[in-house]
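I'd like to ask you about the structure that follows.
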Amino acid sequence: MKASNRVSLLLVAVAVVTINVAHPPQLSAENAASSSGTNSTAAQWSVQVDKVDPGDVALAPSFQIAIYESLLDELNKTKRFKQVLRDGDRNAGDVSDLLILKTTVQKYTAGSETRRAVTTVSGATKLTVRSQLRARDGHIIVERTVNGNVRFMGSNLRATHNLAHNVAKAIKQSSLPEPSHSASHAAIDSDQVVVVELR
Amino acid sequence: MNRRIISTRHTPGLFLVCLLLLWCSAAALAQSAGQSAKSTTPVSIRGTHLLGFESAKNNANGTLSIQEDALQFQKDGKPTEQVKIASVQDIFLGEQSKQVGGTAMTLGKAAVPFGGGRAVSLFAHKNYDTLALEYVDSNGGMHGAIFQLDKGQAEILRNELVAKGAHVSESANEPVKQSNAEVSSESK
């Protein structure tokens, strides 16, 4: 009885080891394939970042510049795009799969660093923008409403960095269509666009 | 007797005319000296690079100067980052109030008992000028850079850049105050 138990235990152990040896390579291959698949899909797109449109909001030019520069930095960090081009870059004409990132300021609360330091609860600098990834023909592919705030510590311009980080994060999390599709295939009607608010 | 009376009546007038002439010539001399000093002395201003220049770190202290046809920023002992003045598309001035002392001061204030640090914060702030530049690279790509300068310095640098050929739009002529008022604005 004891011997049969031992044999059965041994068989189970052998089976477990065999399964473990056989399956992980398949799993890791699947993972690698899937991750390379997503990377390759995304890496084929390039993005051109347009200057920030202040809309009707009285936003200081330095904030607009800071958002623009921070967006370029943060989008580069995501490694989601083959190239991140600047507004007006002549090389954009030669890039086949190009998305254009348009940023429009919707809401801005000019805070105060001193007020934050003194009261803690007031003086927050708040920024809300609408970010749109568009195809060359103007069709919207991704649209997000994103916030960037400084509530406690840091200068007012820190809000622009936080905002750009959130925009890049939202774009990274969103699924982009295959770049080989034509712009009209890739495009989604604005009615179908899901607006996600990140706070 | 009559002669003496006449001479005493004319002396103050002459004296005033002489004074006026002296003052005018002194003012003219001072102006010309100022102009010559302005035209020969290269502008060099200590400032903080907040963001924008690729080879300079954010929040790096250094010297902003105009050398021939370029604006350059040099951090002590580090290579210079420079931008051709002709490539500058716009210059914006701004003002901002910042807490002084950095992280050390912030921690120190937090350590003060009974919220005393908050009272310190009331007085531990300083107003700065900000100078924001928009310029283009050789491919036509738009770049932006922001510098923080001592009060009054941004306008001097802006004027010097404009004199050397930098473009400035009409809207950029008024400084924008950023942080003293907590104003919310929303686009409709």
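Rule-based calculations on the coordinates, nothing more; no lab input. Keep in mind that this is a model prediction, so the values were computed, not measured. So basically every Cβ, Gly included, is an ideal-geometry build from the backbone, and we count neighbours across all protein chains shown.
How shielded is A:83-90 by partner chains, expressed as the average number of their Cβ atoms within 10 Å of its Cβ atoms?
That average works out to 4.
Would you mind giving the mean number of other chain beta-carbons within 10 Å of the Cβ of each residue in A:102-114, as a whole number?
What the average comes to for A:102-114 is 5.
Let me ask something else. What is the mean number of Cβ atoms from other protein chains located within 10 Å of the Cβ atom of each residue in peptide B:104-117, rounded to a whole number?
1
At R0 = 56 Å, how high is the FRET efficiency between B:T63 and A:Q173 if r is their beta carbon distance? Nearest 0.05 is fine.
0.85
Give me the number: length gained by fully extending B:I156 to B:A111, i.e. 0.36 nm times residue separation minus the C-alpha to C-alpha distance, one decimal in nm.
12.2 nm
At B:S55 and A:S122, where each label point lies 7 Å from the Cα along Cα→Cβ, what is the point-to-point distance in nanometres?
4.7
Decide, for the stretch A:90-184, between rounded, prolate and oblate: order the square roots of the alpha carbon gyration tensor eigenvalues as a ≥ b ≥ c, take rounded if a/c falls under 1.5, and otherwise choose prolate if a/b is larger than b/c, else oblate.
Note, shape of the stretch A:90-184 comes out prolate.
Place a label point 7 angstrom from the Cα of B:R118 along the Cα-to-Cβ direction, then list the residues of the stretch A:83-118 whose backbone nitrogen is under 13 Å away.
It comes to A:115-118, nothing else.
Straight-line reach from B:K164: which lysines fall under 30 Å, measuring Cα to Cα and dropping same-chain residues less than 8 apart?
Qualifying lysines at Cα under 30 Å: A:K51, B:K38, B:K57, B:K75, B:K78, B:K84, B:K151, B:K177.
Quick one: P(r) of the stretch A:46-144 from all Cα-Cα pairs, 10 Å bins, percents rounded to integers, in order of increasing distance.
So the P(r) values, bin by bin, are 15, 40, 28, 12, 4, 0.
Sticking with this structure for a sec: Sort A:V52, A:V57 so the one with the fewest other Cβ atoms within 10 Å of its own Cβ comes first.
A:V57, A:V52
Which order do peptides B:61-69, B:105-113 fall in by mean Cβ count within 10 Å, highest first?
Packing order, densest peptide first, comes out as B:61-69, B:105-113.
If neighbour count is taken as other Cβ atoms inside 10 Å, put A:S112, B:S87 in order from fewest to most.
Ordered by Cβ neighbours within 10 Å, fewest first: B:S87, A:S112.
Residues with beta-carbon under 9 Å from that of B:D137, excluding B:D137: net charge, scoring Lys, Arg +1 and Asp, Glu -1?
0
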